Amino acid sequence: MSETVAATEPEPAAHATSGATIQLEDLTKIYPGTPSPAVDNVSMDIKAGETVIFVGPSGCGKSTTLKMINRLIEPSSGRIRIGDEDVTDIDPVKLRRKIGYAIQSSGLFPHMTVAENIALVPKMVGWSKSKVKDRVEEMLDLVGLDPREFHGRYPRALSGGQQQRVGVARALAADPPVLLMDEPFGAVDPITRDHLQDELIRLQHELHKTIVFVTHDFDEAIKLGDRIAVLREHSHIAQFDTPEAILTNPTDDFVSGFVGAGAALKRLNLTRVRDVEIAEFPTVTVDDPLQSIFNKLRSGPHNELLMLDRRNRPYKWLRRGDLMRARGSLARAGQLVHDTVTRDATLHDALEAVLTDSGGRVAVTGRRGEFIGVVDMQTLMNSVHELLEADRLTAIEHQHDLEELRTHQTVQELEGGAGA
Ligand SMILES: Nc1ncnc2c1ncn2[C@@H]1O[C@H](COP(=O)(O)OP(=O)(O)O)[C@@H](O)[C@H]1O
Ligand SMILES: [Mg+2]
C-alpha cells in the first residue's frame, strides 16, 4: 500500500525548499594593501525565511559583507554557517549553487537567451532537461513575464525592469534556500523600482526564502525588510531590528540621521494596500457597446466609470462630461490610467499614485494586472491619521515612563537622604 502511495505521489513542488538560517560569526575582511578592515568583526544571526536588509552609507562595507556569505569574497577571518552547515571552508563553487545572487543591472549573460540564462544553474546541478524546461517557464511566470513572449529573447531586447525580473528568476531557478541581493533595483526608474519591490514582496510571500538585501535607500529598507541592519563604517552594526522599532526608537544619532526626517510619514511604508479597504468601482470594458456605457453612466449613482481593456486591466477613467464630448466614439474620451498599485504596494506608493492621478483614487491590480478595486484618498488619509495617532500615543507612553522613572529616582534620593 505504501508503495502505491509512493508511486502515485506527485513530486514535491519545485519551490518546496524554504529559507535556511544564516549565522555570521566575527566576520572580518581586510583587503590586501589596505590599512583598516572593510568589514570588522561582524556577528549576526539571520532567521530562516526572513528578509534582512543591510542599509548604510556608501563604502561602509555592505557589499563586502554580503559577498562573504557566498564567498565571492573570502573572509580574512570569522565563520559563516548556513542552516546547520559551516560553509566557511567548503568548495565555494558548490556553495554558490545553493545561494541565489542578484545584482544591479541584472548581470545577465548577453549572448544567452532569457531561457538559457535562467536554466544556467539548474543545468549545472544536473537537473533533467525536461525539469529544467518546466522550471524556466515556472520562473518566468513567477516573476510576471509571459514565458511565450520572453523565453527566446536576448537581454538587450528587454527593458531595465524586465532584465531585473529575469535576474531574480535566474537567482531563484535552482530553488536555493538563500537569496542574496546587492542593490538589485538601484539602476531602474522609481516607478519600475516600486513595482519590482512589490513583486519581490509577493514572491517572498510564496517562497519564504532567507533574503539578504543590500541598499543605501532607507525607504526601500523599510518597505522590504522584516529586519533592518543599519551599518556604519567597517560594517559595524548600529542597530539591527524591525522597521517599526528603528523608526520609533532609533538607538543613536547615526541611526536617526539615516532614518531622516518625517519618520511618522515613513511609517506609510509599513502599511500595505492589502491592509486597507479596497473599494469596488463600476467598470465597463472596451468591447461594451457605446450605448450601454452611456446608460450606465447616466442611470447609475456614479459619475465616473473605469474602462478595462480586453485583459481586464485598467485602461481609462471615464466621466460623465467626457461622454458629452465623445460624439459617438470613446477613442479620445476619458483619462488614461497612469499608475496602478498591487495589494503589496505600500500606502506610500498608493498615496503617490493618487496624487499623480488627479482623480483622488488609484486602481488596485492583481498578479496579471487585472483590476481588483480602488483605494481612494479618504481611505489613505484615515490610515495616515491612525498611524500618526499611534505614534503620538507611543511618544506619550514613553514620556510617562520617563517621568515615572524620574519620580522614582527622586523618591529614592529623598528617602536615601532622609535615611542618612
Ligand atoms: N577589492 C577591493 N580592494 C580594496 N578595497 C576594497 C575592495 N572592494 C571594496 N573595497 C573597500 O572596502 C570598503 C567597503 O566597500 P563595499 O563593501 O563595496 O561598501 P558598500 O557596498 O557599503 O558601498 C570601501 O572602503 C571600499 O573602497
Ligand atoms: Mg555596495
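The values are calculated or read from the model by the stated rules, or taken from the named source; none is laboratory data. Just so you know, these numbers come straight off a predicted model, no measurement behind them. Note that each Cβ is placed from the backbone with ideal geometry, even for glycine, and that neighbours are counted across all protein chains shown. Keep in mind that these areas ignore ligands, DNA and RNA; they rest on the heavy atoms of the full protein, side chains included. Shrake-Rupley method; radii C 1.70, N 1.55, O 1.52, S 1.80 Å.
Hey, can you tell me all the residues within segment 63-88 that are of a type in the set (A, V, I, L, M, F, W, C), open to solvent by less than 20 Å² (accessible area, probe 1.4 Å) and within 16 Å of ligand 2 (Cβ to nearest atom)?
Residues satisfying the conditions are Leu66, Met68, Ile69.
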Options Asp376, Asp349, Asp391: the member that is open to solvent by less than 90 Å² (accessible area, probe 1.4 Å), closer than 21 Å to Asp219 by Cα and modelled with pLDDT of 85 or more: Asp349
When you go through Ala187, Ala169 one by one, which is the residue that is more than 16 Å from ligand 1 (Cβ to nearest atom) and modelled with pLDDT under 95? Ala169
Output the qualifying pairs, or none if there are none: Cβ atoms under 6 angstrom, residues six or more apart or on different chains, first residue in segment 189-218 and hydrophobic (A, V, I, L, M, F, W, C), second residue in a loop (DSSP other than H, G, I, E, B) and within 16 Å of ligand 1 (Cβ to nearest atom). Leu196/Phe185; Val214/Glu183
A careful count of residues in segment 25-60 that are within 13 Å of ligand 2 (Cβ to nearest atom) and surrounded by fewer than 23 Cβ atoms within 10 Å (Cβ to Cβ) gives 5
Per-region count, segment 165-184, residues within 16 Å of ligand 2 (Cβ to nearest atom), surrounded by fewer than 24 Cβ atoms within 10 Å (Cβ to Cβ) and in a loop (DSSP other than H, G, I, E, B): 1
Of the residues in segment 227-252, those that are modelled with pLDDT of 80 or more, within 25 Å of Glu352 (Cβ to Cβ) and either open to solvent by 60 Å² or more (accessible area, probe 1.4 Å) or of a type in the set (S, T, N, Q) (or both) number 2
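Mind listing whichever residues of segment 355-364 are surrounded by fewer than 23 Cβ atoms within 10 Å (Cβ to Cβ) and not in a loop (DSSP other than H, G, I, E, B)? Talk me through it step by step, then tell me what you get.
The first filter runs over segment 355-364 and keeps only residues surrounded by fewer than 23 Cβ atoms within 10 Å (Cβ to Cβ), leaving 355-361.
Matches in segment 355-364: Leu355, Thr356, Arg361.
So is Pro122 closer than 20 Å to Leu72 by Cα and open to solvent by less than 20 Å² (accessible area, probe 1.4 Å) or not? Full working, then the answer.
Working: closer than 20 Å to Leu72 by Cα: yes; open to solvent by less than 20 Å² (accessible area, probe 1.4 Å): yes.
For Pro122, the condition - closer than 20 Å to Leu72 by Cα and open to solvent by less than 20 Å² (accessible area, probe 1.4 Å) - is met.
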Counted residues, segment 26-69 - those being within 14 Å of ligand 1 (Cβ to nearest atom) and either of a type outside the set (D, E, K, R) or at pLDDT below 95 (or both): 28
Mind listing whichever residues of segment 185-210 are more than 22 Å from Glu137 (Cα to Cα) and in a helix (DSSP H, G or I)? Pro190, Ile191, Thr192, Arg193, Asp194
Among residues belonging to segment 253-287 that are assigned to a loop (DSSP other than H, G, I, E, B), of a type outside the set (Gly, Ala, Ser) and farther than 17 Å from Glu370 by Cβ, point out the one that is most open to solvent (accessible area, probe 1.4 Å). Glu277
